[in-house]
Amino acid sequence: MRSVQLNNNVLRDGHQSLAATRMRTEQMLPICEALDNWGFGALETWGGATIDSGLRFLDEFPFDRLDALKKACPKTPHMMLLRGQNIVQYKHFPDDVVTAFIKTSADHGMNIFRIFDALNDTRNMKCAMDAAKAAGAQAHGTICYTSSPVHTVAKFIEMGVELERMGANAIVLKDMAGLIPPMEAFAIIDGLKKTVKIPVWIHTHDTAGLGASTYMAAIDAGVDAIDLSISPFANGTGQPDTTRMLALLQGHPRCPEVSEAQRASLREMRTHLEKAYAELGDFTSHKNEVIDVDTLEYQVPGGMLSNFRTQLKDQKMEDKFEEVFREIPVVREALGWIPLVTPTSQIVGMQAFLNVKFGRWKQISPQAADIALGYYGRCPAPVDPEVQQLAAKQAKKEPITCRPVEAPGAVHQHMDDLRKELKAKNFPSDDAHCVIHAMFPPQLEKHLKGEGPKPTTVAVATETPKAAPAPAPAESNSGLQRKYGLTINGRRVEVGVEEIG
Ligand code: CO
């Protein structure tokens with residue numbers, strides 16, 4: 001029996017799940033050599049929210065990070081998460097922009113594109129999959145797991161077969177909320193392994209405490225690879241820690257052979273990452289580190305419940321939690337049982353809230369209307385025709401059945417338009433800048449003008465009152481910066497002060 005391949009996601013999902021995607025490239029570099037040499041099958045280093053967050057909060061140009069990580073980890077294949085036609089945003093981009101993004105990323109060293117669509121509409125994945133293969137990279141067709149009366153094991157397998165037919169190099173079962181029970185994972189993986197010829201991978205989270213057990217079941221069912229992370233950017237809302245998973249697999253016929261040197265290397269990486277975790281103390285939270293029992297009880301993603309509570313509190317409707325919660329399946333059913341994943345989980349949550357506050361379907365949010373009318377893609381089941389009519393009336397829009405990016409009247413910026421805009425502002429206008437400009441125009445402009453956020457001038461050391469770990473070196477944006485140490489509420493803070501004008 002072949003041992004299971006272990007991937008490592010610490011540099012993307014690890015800090016996205018446990019530290020609000022705030023890890024900086026300079027905090028990653030010290031473990032890169034060890035990560036690259038460890039023997040992981042793939043390293044998830046980019047994509048998902050890291051591109052948005054890097055620009056918005058860390059003033060990092062996304063392709064610079066990819067270049068730096070590729071240089072530091074040249075041996076192991078790099079992997080990224082891509083939202084199909086949305087690239088790494090939440091709206092649809094025209095095919096030429098999707099293709100240019102993927103080609104440019106592959107040119108910068110990206111090897112594996114893990115491509116998904118929030119609605120599991122494969123039409124929204126096709127262009128990206130074709131582009132990845134044309135660029136000489138791997139296209140992994142990804143199935144978003146969700147539970148509903150129409151999401152049967154057979155339906156997931158059917159989607160896997162379709163993705164294989166579309167040319168996927170592997171199938172990934174992606175359980176973003178960590179809600180898949182082990183035996184269901186077993187059934188889906190087992191079914192896929194018996195039906196498709198390409199490798200089958202699985203990705204889950206430990207949010208509800210199921211992740212590691214789910215991996216065990218998937219491994220028994222013959223899954224080819226699993227995603228892991230490294231503590232403290234692991235477990236909880238992240239992927240299971242590698243050392244923990246190896247302990248669970250001890251004695252299992254598919255356990256990879258791991259040397260003492262590899263174990264020591266994991267220990268060393270952990271030590272460095274603990275320091276980084278402390279530095280990111282403003283963005284970590286105990287809630288993310290422990291098992292979320294509510295998510296098990298309500299069977300919706302953890303983030304959705306906390307959004308709910310905040311929303312209801314703002315509206316002084318805390319007493320309506322159970323009522324709003326019971327409205328979720330009503331909304332989901334009407335909207336064709338869409339999966340609950342960003343951004344659909346927020347849209348369903350908001351609509352459930354509006355239904356309770358104003359009466360069912362009296363007020364349909366523009367986003368919920370777009371789902372009902374097909375502007376996000378094809379829903380897993382038919383949309384309630386009555387709700388669709390109401391949505392059309394309230395949004396003053398016609399329903400569509402075509403691929404959303406081809407919706408009549410949709411206005412898109414193509415590569416030529418993007419290049420012209422950048423040139424007019426005297427900014428670099430190569431493909432890398434064009435595709436980032438397509439998705440994050442104000443953030444890119446600030447970055448290029450040198451007006452981006454200065455996150456690294458404040459490095460916080462938390463929880464260690466005795467000998468505080470040395471704060472991360474401040475990234476100096478000008479040679480004239482001076483550093484001062486301050487203690488605020490018992491916390492050691494280092495600030496960089498520079499003269500402006
Ligand atoms: Co994930």
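The values are calculated or read from the model by the stated rules, or taken from the named source; none is laboratory data. Because the structure is a prediction, the values reported are computed rather than measured. We place every Cβ from the backbone using ideal geometry, glycine too, and count neighbours over all the protein chains shown. All accessible areas refer to the heavy atoms of the entire protein, side chains included, with ligands and DNA or RNA removed. Shrake-Rupley method; radii C 1.70, N 1.55, O 1.52, S 1.80 Å.
Selection among HIS433, SER306, LEU228 by position relative to the dipole of the chain gives HIS433 as farthest towards the positive end (Cβ unit charges, Cα centre). Summarising the amide proton neighbourhood of ILE112: residues at separation of 5 or more, or on other chains, whose placed amide H is nearer than 5 Å comprise HIS78, MET79, MET80, GLN138.
Across the stretch 133-278, the volume of the C-alpha convex hull divided among the residues equals 132 Å³ per residue. A helix-only calculation puts the chain at -13000 deg cm²/dmol for mean residue ellipticity at 222 nm, using -39500 (n - 2.57) for each DSSP H run of at least four residues, averaged over all residues.
Among LYS71, LYS126, LYS91, LYS174, the sequence by solvent-accessible area, most first, with a 1.4 Å probe is LYS71, LYS91, LYS126, LYS174. Computed over the alpha carbons of the chain, Rg followed by Dmax gives 22.9, 67 Å.
Only protein heavy atoms count here; under a 1.4 Å probe, LYS446 has an accessible surface of about 110 Å². For the stretch 326-341, 3J(HN,Hα) computed residue by residue from phi via the Karplus equation (6.51, -1.76, 1.60; θ = phi - 60°) reads 5, 7, 4, x, 5, 5, 4, 4, 4, 8, x, 6, 5, x, 9, 8 Hz, glycine and proline entered as x. Among the trypsin sites (Lys or Arg not before Pro) in the stretch 224-279, those placed in a DSSP loop whose Cβ has at most 15 other Cβ atoms within 10 Å are ARG254. The magnitude of the dipole of the chain, with charges of +1 and -1 set on the Cβ of Lys/Arg and Asp/Glu and taken from the Cα centre, is near 320 debye.
Karplus-based coupling profile of the stretch 195-207, in residue order and whole Hz: 10, 9, 9, 7, x, 10, 10, 9, 10, 9, 10, 9, 2, with θ = phi - 60° in 6.51 cos²θ - 1.76 cosθ + 1.60 and x standing for Gly or Pro. For the stretch 355-369, backbone phi angles converted through the Karplus equation (6.51, -1.76, 1.60; θ = phi - 60°) give residue-by-residue couplings of 4, 6, 6, 10, x, 4, 6, 6, 9, 9, 5, x, 6, 5, 4 Hz, Gly and Pro being listed as x. Taking the square roots of 5 times each eigenvalue of the Cα gyration tensor of the stretch 303-406, largest first, gives ellipsoid semi-axes of 24, 14, 11 Å.
Summarising the amide proton neighbourhood of TYR145: residues at separation of 5 or more, or on other chains, whose placed amide H is nearer than 5 Å comprise LYS174, ASP175, MET176. When only the Cβ of Lys, Arg, Asp and Glu is charged (+1, +1, -1, -1), the dipole of the stretch 5-287 relative to its Cα centre reaches about 240 debye. Quick note on the stretch 209-345: its Rg to Rh ratio, both from C-alpha atoms and Rh being the Kirkwood radius, is 1.07.
For the stretch 5-287, the Kirkwood estimate of the hydrodynamic radius, built from every pair of different alpha carbons, is 18.8 Å.
Ordering LEU173, ALA410, ILE347 by Cα displacement along the dipole of the chain toward the positive end leaves ALA410 in first place; charges were set at the Cβ atoms of Lys, Arg (+1) and Asp, Glu (-1).
Restricting the stretch 70-163 to chymotrypsin sites (Phe, Trp or Tyr not before Pro) that sit in a DSSP loop and have at most 16 other Cβ atoms within 10 Å of their own Cβ leaves TYR90. For the stretch 114-260, a crude dipole built from +1 on the beta carbon of Lys and Arg and -1 on the beta carbon of Asp and Glu, taken about the Cα centre, is about 360 debye to the nearest 20.
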